[in-house]
Amino acid sequence: VLVVAGSCLPATSTASGICDDPTQSTAAVRLLCSGIEKQDGGDIDGAMTDFEGALELQPDLTEAHLMLGIAYYGKKDDMRALEEYDKYLAVIPDNFHAWSNRAAVYLRIGDLAAARADIDRALALNADDRELLENRIVIAREAADWKTVIRDSTWLLEHFAPAGAWILTLTALTIGLPFWPYQSCRLEVYFAFAAAALHQASSCHIRLRLHL
């Protein structure tokens with residue numbers, strides 16, 4: 001499952017930053033901020049009413065489109081979510097969280113090519129973001145793009161010390177392997193991938209060193 005930036009996460013922070021600016025305290029912005037509070041509290045329908053009201057008062061309040069995209073995704077209304085993300089990204093194309101969020105919608109409707117294009121765009125804006133890399137691993141796994149799965153998983157292991165179980169769990173799930181018992185010593189784990197899975201003539205052995 002892809003990580004979707006929503007309530008209490010960075011995409012919401014992008015929109016809620018306007019709430020902290022007293023110079024932008026218009027009626028539309030107040031409705032936007034009210035909607036964010038409602039969404040954080042689990043009242044998605046109430047939040048959507050506020051976001052739509054904010055756009056009626058101020059049609060160029062693009063942050064409301066971002067928040068509506070998150071809300072529609074939560075309600076599994078994928079086509080409406082795409083519409084809202086399209087409107088937001090047409091105006092603000094440098095929000096990598098929004099690209100990643102739209103990738104999640106495309107993944108859910110089965111458009112793997114569009115999902116990959118969006119997550120690659122997100123990573124072009126923020127190449128070292130762990131959650132974005134995890135999202136690309138999920139998309140690559142669904143597309144059976146094992147080269148990308150291996151490359152990104154290896155990069156994560158090399159650059160983010162696995163102080164907790166998350167990286168081991170992520171890698172195991174990604175490659176479809178069972179979990180290993182956690183140990184308080186260095187583990188050297190060898191993953192063997194079948195030639196068919198990698199579309200290569202011979203098996204590819206990837207050595208991943210974990211420091212737990």
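General observations
- Elements of type helices (runs of 4 or more DSSP H) contained in segment 35-105, each with 2 or more residues being in contact with an Asp or Glu (Cβ under 7 Å, 6 or more places away or on another chain): 62-74
- Odd one out for Gly41, checked against (1) surrounded by 14 or more Cβ atoms within 10 Å (Cβ to Cβ); (2) within 23 Å of the chain's Cα centre (by Cα); (3) not aliphatic (A, V, I, L, M): (1)
- Look at segment 108-126: where a residue is surrounded by 16 or more Cβ atoms within 10 Å (Cβ to Cβ) and a partner is among the β-branched types (Val, Ile, Thr), sitting 6+ places away or on another chain with Cβ atoms under 7 Å, you get Leu112/Ile139; Ala115/Ile139; Arg116/Ile139; Ile119/Ile139.
- Residue match in segment 57-70 (condition: surrounded by fewer than 18 Cβ atoms within 10 Å (Cβ to Cβ) and charged (D, E, K, R)): yes
- Test: residue in segment 50-60 that is within 17 Å of the chain's Cα centre (by Cα) and of a type in the set (Asp, Glu): no
- Scanning segment 130-163 for residues that are in contact with a strand residue (DSSP E or B) (Cβ under 8 Å, 6 or more places away or on another chain), open to solvent by less than 30 Å² (accessible area, probe 1.4 Å), closer than 22 Å to Leu107 by Cα and not hydroxyl-bearing (Ser, Thr, Tyr) returns a single hit, Ile150.
- For segment 44-55, a residue qualifies if it is open to solvent by less than 30 Å² (accessible area, probe 1.4 Å) and free of Cβ contacts under 8 Å to residues at least 12 places away in the same chain, and exactly one does: Gly46.
- Residues satisfying the stated conditions in segment 71-96, i.e. open to solvent by less than 60 Å² (accessible area, probe 1.4 Å) and farther than 19 Å from Gly35 by Cα: Asp78, Leu82, Leu89, Ile92, Pro93, Asn95, Phe96
- Pairing each residue of segment 56-80 that is closer than 13 Å to Asp45 by Cα with any residue that is in a loop (DSSP other than H, G, I, E, B) and not hydroxyl-bearing (Ser, Thr, Tyr), provided the two are 6+ apart or on different chains, yields C-beta distances under 6 Å for Ile70/Gly6.
The values are calculated or read from the model by the stated rules, or taken from the named source; none is laboratory data. Predicted model only: the values in this text are computed from it and were never measured. Note that each Cβ is placed from the backbone with ideal geometry, even for glycine, and that neighbours are counted across all protein chains shown. For the accessible areas, the whole protein counts, side chains as well, though only heavy atoms, and no ligand, DNA or RNA atoms are used. Shrake-Rupley method; radii C 1.70, N 1.55, O 1.52, S 1.80 Å.
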